[in-house]
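Since every read-out is calculated from the coordinates, none of them should be taken as a lab result. All values derive from a computational prediction rather than experimental measurement. Cβ placement follows ideal geometry from the backbone for every residue including glycine, while neighbour counts extend to all protein chains displayed.
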Amino acid sequence: MRSVAAIAAYGFREALRRKVFAVVVLLTAIFLVLFWLANHYVFRELSGIQPPADVNVDTRTFAGAFLIGLAMFATLFLGVVLAVFLTLGVVSGDAERGLLQPLVVRPVGRGTLLLSRFLGAAAVAVVYVLAVYGAALAITGTAGDWTPPSRVAPGLELAGGVVIVIALSLLGSVALSSTANGIAVFMLFGAGLVAGLLGTIGHALNSHTIKHASTIAAWALPFEALYQDGLRLISRDQTGITGFLLQLGPFGGAYVHGWQIRVWAAAYLVLALVLALLAFRRRDL
Amino acid sequence: MANVLAVSGLEKRYGSVRALKGVDLEVGEGELVGLLGPNGAGKSTLVKIAVGLVRPSAGRAEVAGARAGSRRARAQLGYLAELFRFPGWYSADEVLALHQRLAGSHGGRDERRRLLELVALADAADRRVDGMSKGMQQRLGVAQALVGSPRLLLLDEPTSALDPVGRRTVRLLLERLREHGVSVLLNSHLLSEIELVCDRVAILLAGEVVAAGSPSELSRPRGVELETDEGVRTIEGAGRDDAPRLVADAVAAGRRVFGVRVLTSTLEDTYLEAVGGETS
């Protein structure tokens, strides 16, 4: 445990030194201010919006769920930025700079070293994601007097998604240079988001092919599936036209959901970590 | 003498390139062995296999009886890489404290102070690495390698960035370590340094050991130089034992002898002969 704490603290100090936290905190502050402004104006104007009399839309719920969905997307994005910059050079990058070799030859071993870096990054990212998500809920709750029916599970699923990205980034860092790994992980992240949006479009158009492709992508990239499931949970009680409109939007939520995808996401995380450990053990430094 | 490092039939292939071709090498308890060879000869690969950074393709490497790279083997060694870096935002004391935790050393502050004194960095304990000269960082690297009192020290070019005073500090340190029974494998291009401190030398060329032995064993007689009133003459093939007879013969022949010198090859001569002038 002494070694694990030492290596996790080493990674944390490296991130502090490289101003990773400074960049993320600045971006987060900008996002939260903009998000507060958006909430303030949307809910202030809400009373002036008059849907047609025969359309029964709960405008407050629609606006609240949409804004929280937007916050979840931004939180996931910022969480992924933090995760990637904490881990993109853990193996290849540090080995190229000569930082890794003095640590690896110590009795602590490669497995402990990699897991410690994972635990350190995961702890920071989970705290960060939950804090930003919690702040977004507080802003919407205060400005619009609206809270989603499920608050804890979506936050945990967002954090879980970011933890999976950390594992993928560590796996990539064994084989790829820092730059290549950063690009690869962000492209995977982007691919996941596009697949999620395609799923929404596919369901709106009732296109079997697009829905099928989106389902495959959700299983292949479960961090995206967890995010989508979180979106689904914030508007799960909405039925009728309000629910229909939310489902049509970009934050409509998952079509692949439930315990199966959560269990698969956990297994996927373990698999990515085991692959990273095996690859790291075989890697000449 | 028990071997702290035992390497036999060691091979390493990088694709079609054979970096090591069946190397045998042993480092005994308290022995200081120098590794010489041109760039690309396989010296660093050999050291990296011994510390577990690189996996061998064939052969065997053991540290204190444990497979090289295993946790038990790593617990017995200290290592300074040729190209290494410590985080610039750590102080010298923090670098050593980190390695104490990773090595499981309970030496605490006393060990850190002692190691920094050994490498003449006692006054720089709180200085950050990015404020140190390359030479200071290299000495800190040597101190880091000594954390946890290893039985075997593997140093890859430990004096490449040091000035003459720094080199002397490291040389004296190595001699002191030998007195305390620490075994050292020293990989260096500085032949004079190797000749001064090493008990044995192995010369690697293209992944093979082409010469090995003590510096005196590797130095061969090159004749006797006789200075008389006829000038300077070299008697090739003659050795130290022939010198009195050669002087007596010259005097008997009526020559006036001003000087006699026994010529032996230096380690540099032996090295150049072994590697055939190859540089990379």
Quiz item: Which distance in Å, rounded to a whole number, links the C-alpha centroids of segment A:1-75 and segment A:142-196?
Solution: 14
Practice problem: Mind pulling the angle between the C-alpha long axis of helix A:178-205 and the longest principal axis of chain A? Nearest 10 degrees, somewhere in 0 to 90. | Solution: 20
Exercise. If a/c stays under 1.5 just call it rounded; otherwise compare a/b with b/c (prolate if a/b is bigger, oblate if not). Do that for segment B:108-173, with a ≥ b ≥ c from the square roots of the Cα gyration tensor eigenvalues.
Key: oblate
Self-check item: Share, in percent, of DSSP beta bridges within the protein assembly as shown that are antiparallel, nearest 5
Solution: 65
Practice problem: Mind putting a number on the dipole of segment B:111-241 about its Cα centre? Charges go on the C-beta only, +1 for Lys and Arg and -1 for Asp and Glu, and I need it in Debye to the nearest 20. | Solution: 760
Quiz prompt | Contact order relative to length of chain A, as percent, for alpha carbon pairs under 8 angstrom and 6 or more apart | solution = 25
Quiz item: Using a ≥ b ≥ c from the Cα gyration tensor of segment A:110-222 (square roots of the eigenvalues), is it rounded, prolate or oblate, where a/c under 1.5 gives rounded and otherwise the larger of a/b and b/c decides, a/b for prolate?
Solution: oblate
Quiz item: What's the exposure ranking of B:Glu217, B:Glu94, going from fewest to most Cβ atoms within 10 Å?
Solution: B:Glu217, B:Glu94
Quiz item: With charges set only on the Cβ (+1 for Lys and Arg, -1 for Asp and Glu), what does the dipole of segment A:1-125 come to about its Cα centre, in debye to the nearest 20?
Solution: 780
Quiz item: Just how far, in whole angstrom, is segment B:21-75 from segment B:189-241 if you go by their alpha carbon centroids?
Solution: 27
Practice problem: With a/c under 1.5 counting as rounded, go ahead and sort segment B:62-196 into rounded, prolate or oblate using the C-alpha gyration tensor (a ≥ b ≥ c being the square roots of the eigenvalues; past the cut-off, prolate if a/b is larger than b/c, else oblate). | Solution: oblate
Practice problem: Count the net charge of all other residues whose Cβ sits under 10 Å from the Cβ of B:Ala66, scoring Lys and Arg as +1 and Asp and Glu as -1. | Solution: +3
Practice problem: Give me the lysines in straight-line cross-link reach of B:Lys12: C-alpha distance below 20 Å, same-chain residues under 8 apart excluded. | Solution: B:Lys21, B:Lys43, B:Lys48
Quiz item: Quick one: A:Met1, A:Met72, A:Met187, B:Met136, fewest Cβ neighbours within 10 Å first, how do they rank?
Solution: A:Met1, A:Met187, B:Met136, A:Met72
Practice problem: Quick one: compute the contact order of segment B:205-280, relative version, from alpha carbon pairs under 8 angstrom and 6+ residues apart, as a percent. | Solution: 36
Quiz item: Which listed residue (B:Leu205, B:Val224, B:Thr270) has the Cα farthest towards the positive end of the charge dipole for segment B:201-280, taking +1 on Lys and Arg C-beta and -1 on Asp and Glu C-beta about the Cα centre?
Solution: B:Val224
Practice problem: Grab the other residues whose beta carbon is less than 14 angstrom from that of A:Arg262, score K and R as +1, D and E as -1, and report the net. | Solution: -2
Quiz item: Looking at A:Asn206, A:Gly120, A:Val105, which one has the Cα that reaches farthest to the positive end of the dipole of segment A:83-229 (charges on Cβ: Lys, Arg +1; Asp, Glu -1)?
Solution: A:Val105
Quiz item: If Lys and Arg each add +1 and Asp and Glu each add -1, what is the summed charge of the other residues whose beta carbon sits under 15 Å from the beta carbon of B:Arg112?
Solution: -1
Self-check item: Rel. contact order, % - alpha carbon contacts under 8 angstrom, at least six apart, segment B:91-236
Solution: 16
